[in-house]
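Right, one structure below, let's go through it.
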Amino acid sequence: MTGANTAINLSVFGIFVLLTLYIVYRASTRNVSASDYYAAGSSFTGTQNGIALSGDFLSAASFLGISGAIAVNGYDGFLYSIGWVVAWLIGLMLIAERMRNTGRYTMGDVMAFRMRQRPVRAAAANATLVISIFYMIAQMAGAGGLMALLLDVHSSVGQAIIIAVVGVVMVLYVLVGGMKGTTWVQIIKAVLLVLSVSLLTIFLIGKFGFDFSAMLDRATQKSPLGQAVLSPGVKYGSSGLTKLDFLSLALALVLGTASLPHVLMRFYTVPNAREARRSVVWATWMMAIFYSCTLVIGFGAMALVGTDKITGAPGGENSAAPLLAFQVGGTVLLGIVCAVAFATILAVVAGLTLTASASFAHDVYANVIKRGEADPREEVRVARITAVCVGVLAIVGGIAANGQNVAFLVALAFALAASANLPTLLYSMFWKRFNTRGTLWSIYGGLTSCVLLIVFSPAISGSKSSVFPDVDFAYFPLSNPGIVSIPLSFLAGFLGTILSKEPADPAKQSEMEVRGLTGIGSGLR
Amino acid sequence: MTKALPSVSRPATPGFATFDEHPHSLLIDGDGEPDFGAIQTSEDFLALKRRVTRFIVPATLLFLAWYVTFVLLSAYAADFMSTPLFGTVNVGLTMGFLQFVTTIIITMAYARYAKKRLDPQVDKVRALAETAEELA
């Protein structure tokens, strides 16, 4: 790649940053109250929030990672996208409307609704912080890896500087814009991303005379695996254990998506349950279109660039989409694709920072430390300070993890969300008897079992691609813990509830059920 | 807040039994807050709950079963999934794409069902506690 190319990348990216910062600044002149900071005053429409939801969810891992995984592993790469699309049905039918009706700012609002406030809120905040920070470090580290490819920055100092710049810009979004600004960044980014992959897809499939089959045919010729890339098993089919690992991953993807804290928090930016429902409908459409496109882009990259060239490039699998863009559209298209990838990282990390800061300020500071008596202005100040701390943590973590194999962090975030959050949310919404002990057991049971299983998994030690390849304490054979930790968390929540002598509060249960379905008592229209 | 309420009393028996006494049957308690226990057992709310359950339970089971089938077939029936269907496009890729299609179909069906069958019922239940909301 040439210097001129880097200049184009940098200028497209620079324009995006300046434009979004300006919009964030304009959107946030009255960004003072807690409701403004956490939930954008609930002023977004379902359509806007739906686009922002897809923006929050489509990380660089989805764009570069999935198209790359398809370009290299074919069918097995495609499986991720399916889980991520299907997962939105859980969000749509079970979570979105009840979440909007019962809570105000955080996931803790819903989990603690009919339980003892302080322990449950502390647990919900712990889950939120752990999940968000894991997810964020993975994004930041990925940002460093991308630089090598996109900006031609190879020195570790240079990459560290870029990670720091990404971190600072995203903290600025959050501090200046709060939820409103962050939402606009997500909307701009999601539109750019979906538009550019759609155009690229139409162009690619046009090159093959709008014949997907012909494209696949060409792809199999360019892959060392031949016809096998179109069949399952390239990545996960080698043994019974890898197949089990694959099932575990599939489970975490479909159950984790709709319980990621930064996705849940989005439902508060709309005024009522009907708009929350519309957001998910929009998000689902965006996802289905986006992931259909990545299928074409992935196989297109395999056909036009060739698997060998992709795996040989700096950045490996992740370089499939940029290399393809360069192949079909030269430096300008490459610049655009790279800038969109940057924007994606930036926006997702901003969303995560906001979620983590809201959870600390609203659940831990206002409700656990101040016992619900905090001054709202003070609460927002705490949230902003937390955002800066989380930002610094993400920058440091991102630099430390730069170049590491961090894919497991993303998988872990999904498994954590599916095991700590989903059982708790479903129980508290749908099971009358569920009580405080059940809540604590299911959150902490899911959280700790997930983290422990990851620590003792091959992702951390014992194999060539581990973080510590030289030592071996991989007692748990699967790299994804979901298949064990998700049922475990459901079980823990059940046992905690029936073993507790403290009965559920029936009045609060009535209130939560009525409010969840109708919004009565929430003040929402 | 309490003094702003003209004549509020807890319904003697929960539910629609109070319709006879108050033409604008308010399911609100002595403090002007909605009486959630009474609403929860009211006929209108139970009907809403039934309508919600009737859709989301079968739909959730259906899409989970369909997804799990796809995942299991991919893991343990690779040969079947590799059978070519249209040119080089095989059963697995087609089924994967159909997952997208069914997701969209269920999403739109739910949106439609919610608009036609759930939202009007929600409005009915909300009317039970309307005055309480306005005064609160």
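Bear in mind these aren't lab numbers, they're just calculated from the coordinates by the rules spelled out. Everything numeric in this text was worked out from a predicted model, so none of it was measured. A quick note on method: Cβ atoms are made from the backbone with ideal geometry, for glycine too, and the neighbour counts reach across all protein chains shown.
Some points to look at:
- By the combined test of axial Cα extent (at least 27 Å) and Kyte-Doolittle hydropathy (mean at least 1.0), the qualifying DSSP H helices of chain A come to A:3-27, A:117-150, A:156-207, A:320-358, A:376-401, A:436-455.
- For region A:268-339, applying the loop criterion from DSSP together with a ceiling of 15 other beta carbons within 10 Å to the chymotrypsin sites (Phe, Trp or Tyr not before Pro) yields no site.
- Taking amide H as placed 1.01 Å from N in the peptide plane, residue B:28 has its amide H under 5 Å from the amide H of B:35, each at least 5 places away in sequence or on another chain.
- As a length-normalised measure over Cα pairs under 8 Å and 6 or more apart, the relative contact order of region A:422-499 settles at 42 percent.
- Length gained on full extension, residue A:207 to residue A:431: 75.2 nm, using 0.36 nm per residue less the C-alpha separation.
- Across the cross-link table entries A:508/B:49; A:501/B:49; A:432/B:49; A:222/A:309, which are compared at the Cα atoms, the separations over 20 Å belong to A:501/B:49.
- Arranged from fewest to most other beta-carbon atoms within 10 Å of their beta carbon, A:467, A:171 become A:467, A:171.
- For the pair residue A:242 and residue A:392, label points projected 7 Å from Cα toward Cβ lie 4.4 nm apart.
- Projecting label points 7 angstrom from Cα along Cα→Cβ for residue A:400 and residue A:327 puts them 3.9 nm apart.
- Region A:351-426 - Rg over Rh from alpha carbon coordinates, Kirkwood radius: 1.07
- Annotation: for a label point projected 7 angstrom from Cα along Cα→Cβ of residue A:156, residues of region A:447-476 with backbone N closer than 18 Å are A:466-470.
- Estimated dipole of the protein assembly as shown in Debye, rounded to 20 [Cβ of Lys and Arg +1, of Asp and Glu -1, Cα centre]: 420
- Full-stretch length increase - residue A:22, residue A:199 - with 0.36 nm per residue and alpha-carbon distance subtracted: 61.0 nm
- Mean projection of the Cα convex hull over all viewing directions, computed for the protein assembly as shown: 28.8 nm².
- Between residue A:225 and residue A:455, full extension at 0.36 nm per residue minus the direct alpha carbon distance yields a gain of 79.5 nm.
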